[in-house]
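Before any comments, here is the structure.
The values are calculated or read from the model by the stated rules, or taken from the named source; none is laboratory data. Predicted model, so just to flag it, every value in this text is computed and none were measured. FYI the Cβ positions are ideal-geometry reconstructions off the backbone, even for glycines, and counts take in every protein chain you see. The protein model used for the area step is the full one, side chains on, heavy atoms only, and it has no ligands, DNA or RNA in it. Shrake-Rupley method; radii C 1.70, N 1.55, O 1.52, S 1.80 Å.
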Amino acid sequence: MAEKMKDEKTRMKRKKKRQQSKLMKAFIGFLPQLILLVLIAVGVIVALTFKNKGEGEEEIITPYGYEGEEDSYVVENDYLKLEMDAKTTQIAVTVKSSGKVWYSNPIGCDTDPLALSDEKYKIQSPLLMSYSVVQGLETPYNSFSYSTDNGIYEILPEENGIRVNYSLGNLEKEYIIPPVITADEFKSWLALMDQKDSDLIQQYYKKYDLNKLGKKDDPEQLKASYPIIETTVIYVLRDTVKEQTRKKMQELFEAAGYTYENYLADKELDQAEKVSDKPVFNISMIYRLDGDDLVVEIPLKDLEYRSQTPIYTITPLPYFGAGGKNDEGFLLVPEGGGALINFNNGKVTQSSYYANVYGWDMCLSRKAVVHNTRAYYGVFGVAQGDDSFICILDDGRAYAAVQADISGKNNSYNYVNSVYSICSREQYDVGDIANSDIFEFIPELPDEDLVQRYSFIDSGSYVDMAKDYSAYLQKEYEGYLNVNTDAQTPTVVELVGAIDKVKQILGVPVSRPLPLTRFDDAGDIINDLTNEGVDNLSVKLTGWSNGGVNQKVLEHIKPIASLGGKSALKTLISTAGSANATVYLNGITQYAFDSNIFDGFFSYSDAAKLLSKERVVLHKYSHITYAARENDDNSYYLLHTDKAMEMADNLVSYAQGMGAGVSYQDLGMDLSSDFYRKKYYSRQSVLKLQIDHLKKVADAGTPIMVNMGNDYATPFASMVTGMDLRGSEYTILDECVPFFQIAIHGRVNYTGDPINISGNQEDEVLYSAEYGAGLYFTFMHESSFATQKTLYTQYYGSNYDSWKQRMLDIYRRYNAELGHTFNQEMTGHENLSPVLSCTEYADGTKVYVNYGYSDAASPDGTVVPARDYLVVR
């Protein structure tokens, strides 16, 4: 019996242990879900806390109010007269030398038969803007219907200028009805109305008596909002009264004798801060006369907006100088060297023109790229008859894009303007928890200004417009844009040192530099070319260090050993110097390719940051889907601004130590902001850093070579390579012109793309002849087969031996006929026909270029062979 009881106890213990074990397993199985639920609960609490904090600190934007009695404001000096209509803030600028009047908005645009009502409001506005919300929806506002027409603006005369403070918003209209009124006054007004009207009025007011408050009424809040309540009973207009009802109430009070003076007195009783849920924005525009220029400024520090509705874009004077359907003229846009859009060209089915100044900001992510738009200088203009102006984008141009369109689409006017991106934004992928996109915006704007300078020319020629821009550049960069003394064609030869290629080492694939041009081979090429008579030679040495063309960061600069090492590089530079050639050591300073901590790059601290605080990882884009190739092995990083400038300094120090020039692969071409948490850099501040760096290098006497040549980098450069001469020949454009080249020719040497590896070698030579460019070639010592099974097929046609004779033939003719023009200013240019152009220089030399496939005759009878250029001296 005792044994049975013992066995029963044992079974019970085992059963209990099994149950406990099952419970423990069940608990362990549920533990991840429990942790997740706790985390979600904490997240919700934090979110609600944050939300309530934001709601409790409602941002109040106080709108301006116009109280002036002036009909117009006038400012003038010896050159210009600026007049402003006080009711619309539209301006007119009279150029005293010619009598020409330029208007901010076309006269009579309010009756444009082609424009719909919203479009009419736009073309009557001296200011356009848009704002965004966290879902990314962009809403446009214009200063006419959202500011001046509502009287929420003010005009302040300043010394030699005028300041306009705009409030833009869809505010409630002010109705002359009591917002707050004492009980006695209220009854006296109601007594003057019919009983039906009196009953209507009473239902829209709430009675407040401190002695008879409701449970939800806060006495302290009421006393703070309506101090009169401490001595008398009051009635307060309900917030929910609709606009149509307010209008009816105004009619009833007016019939009873209620005046505006009564309204102002009652309004004084209301001390409550009213916060509308409709967004309101404050923007200031300052007009100044600076000699013979009109300067327009928008201080970013004076912009006011709510954090939930940040200002996304601003467009000042969007229709300044716009031409109508009966006007003759053109729009000048910064596409390539320059392009013209003729007024009323009839291309109404084509897309409007748009180009980002300095291209895309790499610190802003994008999912796909169909086409990159970029302008390397910030200038646009308008010509009408014998008058014109150019608008030079000054401070803040790093945020600008230039846009233009013709009449016949949305309105009857041809216009060009600049639109500025104000609050940068970053999109979050929240597809698992939300149906819409979520965007984060820059939390605070830099203390900078947007500045545009309008310069007026008594000529309708784009050549004279370019000369005016040249005068501006010479003044802005005094001492750096002097006429050079070159008597031979500036020629650039890029020598490709090494590329990376995967090799098998002990069965393991390893990337190693593959020599294409050793340093001693490069010296032989330089000697060979100079012996053949090539003078004024600049040598860009690419892929010479830190892994080759796909260069690692320049934390520690090491010439590639398989190319000959440091001693061979010194010999090369010495050899070039003996041949009167300059070697430029080319380097990448803004990006990190295939670099790790052993190379001096730690991505978590050395990479630039997006607004989301993620590292800026860049990818190539598919030519088929246009999407980023995020899964390939060719991604790279944008460097943190401090790191990028350090790399630039390292490159300069090394080049100076070797007695060479410095060539920047990216600085002076690419310009990106950096949202690094501890040290934010705006795009404009990075522009200033690059200017300071280039100026310091130029002042030290080190020769500088840059790619593309943004307008702020070109004045400091000895040579600009790869300048975009023609740009993208969009259908809306009517002519391509060398506007920028006219401004700098004879002061800075520049080239187009490498002739031998360009898409069309013949076209590249013709472009160079028309645009006054030097010659540019890319060579390597090894045969083209060396680039097989690599990612560098762009060098396939660059074997020196194969191209030597063709290069010499091009150079000898070009130099013999055009070499004398490179120390002269370009004084004229004309497109004589769609395929024939003529460029003229200070000494009278004319260069005719025929892009057609048959001979072409100029108006003076000069016959230019097909696909060729002809020089007449």
Scanning the stretch 199-216 for residues that are closer than 15 Å to residue 233 by Cα and of a type in the set (A, V, I, L, M), which turns out surrounded by the most Cβ atoms within 10 Å (Cβ to Cβ)?
210
Out of contact with any Lys or Arg (no Cβ under 8 Å at 6 or more places or on another chain) and open to solvent by 10 Å² or more (accessible area, probe 1.4 Å) - does that describe any residue in the stretch 488-497?
yes
Anything in the stretch 135-174 that is among the aliphatic types (A, V, I, L, M) and either under 27 Å from residue 242 (Cβ atoms) or within 28 Å of the chain's Cα centre (by Cα) (or both)? List them, or say none.
137, 152, 162, 164, 168, 171
Which one is farthest from residue 484 (Cα to Cα), of the residues in the stretch 773-792 that are part of a loop (DSSP other than H, G, I, E, B) and open to solvent by 10 Å² or more (accessible area, probe 1.4 Å)?
789
Taking only the stretch 656-710 into account, find how many residues are among the basic types (Lys, Arg) and part of a helix (DSSP H, G or I).
4
Just checking, which of 597, 588 is β-branched (Val, Ile, Thr) and surrounded by fewer than 19 Cβ atoms within 10 Å (Cβ to Cβ)?
597
For the stretch 733-743, state whether one or more residues are out of contact with any helix residue (DSSP H, G or I) (no Cβ under 8 Å at 6 or more places or on another chain) and either part of a helix (DSSP H, G or I) or more than 30 Å from residue 331 (Cα to Cα) (or both).
no
Selected residue (only one of 131, 141 is open to solvent by 10 Å² or more (accessible area, probe 1.4 Å), in contact with an Asp or Glu (Cβ under 8 Å, 6 or more places away or on another chain), touching a residue at least 60 places away in the same chain (Cβ under 8 Å) and in a strand (DSSP E or B)):
131
Counting only residues that are open to solvent by less than 30 Å² (accessible area, probe 1.4 Å) and over 20 Å from residue 402 (Cα atoms), how many does the stretch 300-323 have?
4
Among the residues of the stretch 696-707 satisfying the criterion of being of a type outside the set (Ser, Thr, Tyr), in contact (Cβ under 8 Å) with a residue 40 or more places away in the chain and open to solvent by 10 Å² or more (accessible area, probe 1.4 Å), which is farthest from residue 665 (Cα to Cα)?
700
Just to be sure, is residue 395 touching a Lys or Arg at 6+ places or on another chain (Cβ under 6 Å) and among the acidic types (Asp, Glu)?
no
When residues of the stretch 708-726 are limited to those that are touching a Phe, Trp or Tyr at 6+ places or on another chain (Cβ under 7 Å), open to solvent by less than 20 Å² (accessible area, probe 1.4 Å) and not aliphatic (A, V, I, L, M), the one nearest to residue 541 (Cα to Cα)
721
Please pick out the residue among 770, 764 that is buried (at least 22 other Cβ atoms within 10 Å of the Cβ), under 28 Å from residue 330 (Cα atoms) and out of contact with any Phe, Trp or Tyr (no Cβ under 8 Å at 6 or more places or on another chain).
764
Just name the residue that is farthest from residue 147 (Cα to Cα) out of those in the stretch 102-123 that are open to solvent by less than 30 Å² (accessible area, probe 1.4 Å) and within 31 Å of the chain's Cα centre (by Cα).
102
Return the residue satisfying two criteria in turn: it lies in the stretch 813-849 and is closer than 17 Å to residue 762 by Cβ and of a type in the set (D, E, K, R), and of such residues it is surrounded by the most Cβ atoms within 10 Å (Cβ to Cβ).
817
Could you tell me whether residue 357 is at pLDDT below 95 and either surrounded by fewer than 21 Cβ atoms within 10 Å (Cβ to Cβ) or touching a helix residue (DSSP H, G or I) at 6+ places or on another chain (Cβ under 8 Å) (or both)?
no
Which one of 251, 174, 220 is free of Cβ contacts under 8 Å to residues at least 40 places away in the same chain and assigned to a loop (DSSP other than H, G, I, E, B)?
174
Output the residues belonging to the stretch 531-550 that are assigned to a loop (DSSP other than H, G, I, E, B) and either among the aromatic types (Phe, Trp, Tyr) or under 28 Å from residue 580 (Cα atoms) (or both).
532, 533, 534, 535, 536, 543, 544, 546, 548, 549
Condition check: part of a loop (DSSP other than H, G, I, E, B) and open to solvent by less than 30 Å² (accessible area, probe 1.4 Å). Does residue 241 satisfy that?
yes
Looking at 235, 287, 260, which one is open to solvent by 50 Å² or more (accessible area, probe 1.4 Å), over 30 Å from residue 137 (Cβ atoms) and aromatic (Phe, Trp, Tyr)?
260
Taking the stretch 106-128 as the region of interest, how many residues are outside any strand (DSSP E or B) and within 20 Å of residue 316 (Cβ to Cβ)?
12
When you go through 192, 210 one by one, which is the residue that is touching a Pro at 6+ places or on another chain (Cβ under 7 Å) and farther than 27 Å from residue 277 by Cβ?
210
Taking residue 580 as the residue in question, decide whether it is touching a residue at least 40 places away in the same chain (Cβ under 8 Å), closer than 26 Å to residue 719 by Cα, open to solvent by 20 Å² or more (accessible area, probe 1.4 Å) and of a type outside the set (A, V, I, L, M).
yes
Please tell me if residue 471 is surrounded by fewer than 16 Cβ atoms within 10 Å (Cβ to Cβ), in a loop (DSSP other than H, G, I, E, B) and either in contact (Cβ under 8 Å) with a residue 24 or more places away in the chain or of a type outside the set (Asp, Glu) (or both).
no
Looking at (1) within 30 Å of residue 326 (Cα to Cα); (2) open to solvent by 10 Å² or more (accessible area, probe 1.4 Å); (3) touching a residue at least 24 places away in the same chain (Cβ under 8 Å); (4) assigned to a loop (DSSP other than H, G, I, E, B), find the lone condition where residue 99 falls short.
(3)
Pull up the stretch 244-257, narrow it to residues that are open to solvent by less than 50 Å² (accessible area, probe 1.4 Å) and of a type in the set (A, V, I, L, M), then point me to the one that is nearest to the chain's Cα centre (by Cα).
249
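Conditions tested, residue by residue: (1) touching a residue at least 12 places away in the same chain (Cβ under 8 Å); (2) in contact with a Gly (Cβ under 9 Å, 6 or more places away or on another chain); (3) over 16 Å from residue 362 (Cβ atoms).
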residue	(1), (2), (3)
635	yes, no, no
644	yes, no, no
650	yes, yes, yes
661	yes, no, yes
665	yes, yes, no
